[in-house]
Amino acid sequence: MEQDLILAGRVLSFVASPFATDRPEDAVELHEAIGLRGGKIIALGDRLALQKALPDASLIDHGTQLILPGFVDAHVHYPQTAIIASWGKRLIDWLNTYTFPEEARFGDPAYAAEIATRYLDLTTACGTTTVASYCTIHPASVEALFTAAQARGQRVVAGKTCMDRNAPESLRDTAQSAYDDSAALIGRWHGVDRLTYAITPRFSPTSTPEQLEALGALWAAHPDCLMQTHLSEQLDEIDWVAQLFPQARDYLDTYEGFGLLRDGAVFGHAIHLQQREKDRLLETGASLVHCPTSNTFIGSGLFDMAGLMADGHRIGLATDTGGGSSFSMLRTMAAAYEVAQLRGAALHPAQLLWLATQGSARALHLEDKVGNLTVGMEADLLVLDLASTAAIAQRSRQAQDLWEAVFPTLMMGDDRAIREVRIAGRKVV
Ligand code: GUN
Ligand code: ZN
């Protein structure tokens, strides 16, 4: 058994959702110290009280630095790591030009393993401790990510991307093989250590009705898996869906009609929604994931955070690497702030931090395990330096309160602000 550990600093713990109150700062409690044992959080409170309660613990003093839950990135494509920041295309052209040729390389297990390792290294350095990733159509791409995550003791959600039309021949499966390969991966990985399987039809344009039906049946057979896909990202895409599924009432109906809409469904983007779609998403408790750097980078549109939150939707935040233009959830919070501003609503820094931790964990139904620093939760956390660059330091020095001190790092910070990362209590950065 590893030795008990006390980390002292400014430990941030959510006691409520900062979207559920007029004073978002009231949703946060600060503690002087946090106690860790066996990969879990066992105590929070005054430093002296923790030292007394855990006399055998060693203590690491982080001064006035902020101790936060590790970031949870609720929608990523790890196979797109090497094509992040590719120029000049919108969604469908971007997929065909950059994404599909790169994803075709993941039939090679050695390449998949190399990128899985590179991706987890890059994101851990940014303070991200949990991701929900699409893989490629190749089972080897799932094996590679789960194997790398398992070796690091990391909580990861992933699934084999399923596509049986409108993709190059080498990237197409079938309704049957998508079912069989996904089922085999569920049997091998779902619930093993900290790993969760997400059944993953890429989006309805690349799946036939037969494939969507097969994956709906698979989800019914494995109801505690998640289901992740894309919804209403770009207007061209929505027109295309309407042509491909003439019977469907709207984009969401192409999933709903095949058993792919209920709680545990995680829809990326969800920008251009009809009222019926919003109503059904809310009624069913499905999750939405906001991917702001992707939405501006690919030119998709402005997610309605204020409106959807006010209605009570379950919403997470994500990079959408490599449609998104950054691996960093700090950069992603900045983009979420900017997108909200363009829609006339300013997100409070407590709301941004909540989205990147508890919000995303809730979207993935992991909120009782990660995304907050409370007793009993898994000890995935990071230490945030609020003066990591000269530009940030000169601004945060002027701050009158915690939130004014934090906000410059949310807007301008990068991996240099991430001073330490722990996964299940073990220091990894
Ligand atoms: N829609 C379908 N596939 C993708 C993808 O890989 N990235 C993004 N941003 N949107 C998608
Ligand atoms: Zn995506």
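The values are calculated or read from the model by the stated rules, or taken from the named source; none is laboratory data. Predicted model, so just to flag it, every value in this text is computed and none were measured. FYI the Cβ positions are ideal-geometry reconstructions off the backbone, even for glycines, and counts take in every protein chain you see.
Residues Gly153, Gly191, Gly159: which one is within 19 Å of Val266 (Cα to Cα) and touching a residue at least 60 places away in the same chain (Cβ under 8 Å)? Can you show your working first?
Values: Gly153 fails: within 19 Å of Val266 (Cα to Cα); Gly191 fails: touching a residue at least 60 places away in the same chain (Cβ under 8 Å).
Result: Gly159 is the single residue among Gly153, Gly191, Gly159 that is within 19 Å of Val266 (Cα to Cα) and touching a residue at least 60 places away in the same chain (Cβ under 8 Å).
For Ala363, the conditions (1) farther than 19 Å from Leu7 by Cβ; (2) touching a residue at least 12 places away in the same chain (Cβ under 8 Å); (3) surrounded by fewer than 24 Cβ atoms within 10 Å (Cβ to Cβ); (4) aliphatic (A, V, I, L, M) all hold with the exception of (3). Of all residues in region 268-297, those that are over 11 Å from Ala336 (Cβ atoms) have Cβ atoms under 6 Å from Cβ atoms of residues that are among the aromatic types (Phe, Trp, Tyr) and more than 12 Å from ligand 1 (Cβ to nearest atom), 6 or more apart or on another chain, in Ile271/Phe303. Scanning region 100-132 for residues that are more than 24 Å from Leu373 (Cβ to Cβ), in contact (Cβ under 8 Å) with a residue 40 or more places away in the chain and within 16 Å of ligand 2 (Cβ to nearest atom) turns up Phe100, Glu103, Tyr119.
In the set (1) crowded, with 23+ Cβ neighbours inside 10 Å; (2) more than 24 Å from the chain's Cα centre (by Cα), Val157 fails one condition alone, (2). For region 402-429, the tally of residues that are free of Cβ contacts under 8 Å to residues at least 24 places away in the same chain, surrounded by fewer than 22 Cβ atoms within 10 Å (Cβ to Cβ) and of a type outside the set (Lys, Arg) stands at 2. The combined condition, being buried (at least 17 other Cβ atoms within 10 Å of the Cβ), of a type in the set (Val, Ile, Thr) and more than 16 Å from ligand 2 (Cβ to nearest atom), is not fulfilled by Thr321. Taking region 85-179 and the helices (runs of 4 or more DSSP H) fully enclosed by it, the elements with 2 or more residues that are of a type in the set (Asp, Glu), away from ligand 1 (no atom under 13 Å from the Cβ) and on the phi < 0 side of the Ramachandran plot are at 109-125. On the basis of being small (Gly, Ala, Ser), modelled with pLDDT of 95 or more and assigned to a helix (DSSP H, G or I), does Ala346 make the cut? Against the criterion (small (Gly, Ala, Ser), modelled with pLDDT of 95 or more and assigned to a helix (DSSP H, G or I)), Ala346 does not qualify. Here Trp94 does not fit the description of being free of Cβ contacts under 8 Å to residues at least 24 places away in the same chain and among the hydrophobic types (A, V, I, L, M, F, W, C). Among residues of region 315-331 that are under 27 Å from Leu281 (Cβ atoms), those with a Cβ under 6 angstrom from a residue that is aromatic (Phe, Trp, Tyr), sequence gap 6+ or separate chain, pair up as Thr321/Phe327; Ser325/Phe297; Met329/Phe71.
For region 382-401, the candidate set comprises residues that are crowded, with 16+ Cβ neighbours inside 10 Å and not β-branched (Val, Ile, Thr); within that set, the residue that is farthest from Gly153 (Cα to Cα) is Arg395. Scanning region 188-206 for residues that are within 14 Å of ligand 1 (Cβ to nearest atom) and under 19 Å from the mean Cα position of the chain (by Cα) turns up Thr200, Pro201, Arg202, Phe203.
Quick test for you: out of Ala167, Ala178, Ala110, pick the one residue that is buried (at least 24 other Cβ atoms within 10 Å of the Cβ) and more than 22 Å from the chain's Cα centre (by Cα). Please lay out each step first, then the result.
On the way: Ala167 fails: buried (at least 24 other Cβ atoms within 10 Å of the Cβ); Ala110 fails: buried (at least 24 other Cβ atoms within 10 Å of the Cβ).
Going through Ala167, Ala178, Ala110 in turn, just one is buried (at least 24 other Cβ atoms within 10 Å of the Cβ) and more than 22 Å from the chain's Cα centre (by Cα): Ala178.
If the condition is being in contact (Cβ under 8 Å) with a residue 24 or more places away in the chain and either within 18 Å of the chain's Cα centre (by Cα) or crowded, with 24+ Cβ neighbours inside 10 Å (or both), then region 366-376 contributes Leu366, Lys369, Val370, Gly371, Asn372, Leu373. Within region 287-301, the set of residues being within 11 Å of ligand 2 (Cβ to nearest atom) and of a type in the set (Val, Ile, Thr) comprises Val289, Ile298.
Taken as a whole, the condition of being buried (at least 16 other Cβ atoms within 10 Å of the Cβ), within 15 Å of the chain's Cα centre (by Cα), in a loop (DSSP other than H, G, I, E, B) and within 16 Å of ligand 1 (Cβ to nearest atom) does not apply to Thr293. Comparison of Leu308, Leu302, Leu330, Leu317 shows that the only residue that is hydrophobic (A, V, I, L, M, F, W, C), within 16 Å of ligand 1 (Cβ to nearest atom) and touching a strand residue (DSSP E or B) at 6+ places or on another chain (Cβ under 9 Å) is Leu317.
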